[in-house]
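Asks: First the structure, which I've put down as structure tokens, then a few questions once you've had a look.
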Amino acid sequence: MMNIPQEPAYWLLSASCLCVASLPALMRKIPRARAIAVVSLWLALCIATIWQSGLLPGLATTLISGVWGVILLAASLIFSGIKSMPNRRFEER
């Protein structure tokens, strides 16, 4: 049984999963090719985490980074909509 808190490879892979999951929230436009590239890189990092650290820590990393990415993407979409809403309202008049 591995001692996960003392494994730097696990923490590096987990941090890279979080960073890659955060990328769509930082992009203004997300073309299909770039979205596929980000998702495939994220999946590759998650699979590497499962392969290196075992099933339970790998699934925890996958779940946490996936939820983090969805929350950030939703927040960025909401905030960009709030910023552009007054502009649209005044342009229509």
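The values are calculated or read from the model by the stated rules, or taken from the named source; none is laboratory data. All values reported here derive from a predicted model rather than from experimental measurement. With ideal geometry, Cβ positions are generated from the backbone for all residues, glycine too; neighbour counts draw on all protein chains shown.
Asks: Can you name the residue in region 1-23 that is touching a residue at least 24 places away in the same chain (Cβ under 8 Å) and small (Gly, Ala, Ser) and is also surrounded by the fewest Cβ atoms within 10 Å (Cβ to Cβ) among such residues?
Replies: ALA9
Asks: So PRO24 passes all but one of these: (1) within 11 Å of the chain's Cα centre (by Cα); (2) at pLDDT 95 or above. Which condition number does it fail?
Replies: Every listed condition holds for PRO24 apart from (2).
Asks: For region 24-65, which positions are farther than 18 Å from TRP11 by Cβ and in contact (Cβ under 8 Å) with a residue 24 or more places away in the chain?
Replies: PRO24, ALA25, LEU26, listed by residue number.
Asks: Limited to region 23-77, what total is found for residues that are farther than 28 Å from GLU7 by Cβ and not in a helix (DSSP H, G or I)?
Replies: 5
Asks: Of all the residues that make up region 24-36, how many are surrounded by 11 or more Cβ atoms within 10 Å (Cβ to Cβ) and more than 20 Å from ILE64 (Cα to Cα)?
Replies: Matching residues across region 24-36 total 3.
Asks: Let me ask another. Is it the case, given these coordinates, that VAL20 is assigned to a helix (DSSP H, G or I), out of contact with any Ser or Thr (no Cβ under 9 Å at 6 or more places or on another chain) and closer than 12 Å to GLY69 by Cβ? Spell out the reasoning first.
Replies: Working: assigned to a helix (DSSP H, G or I): yes; out of contact with any Ser or Thr (no Cβ under 9 Å at 6 or more places or on another chain): no; closer than 12 Å to GLY69 by Cβ: yes.
No: the conditions fail for VAL20.
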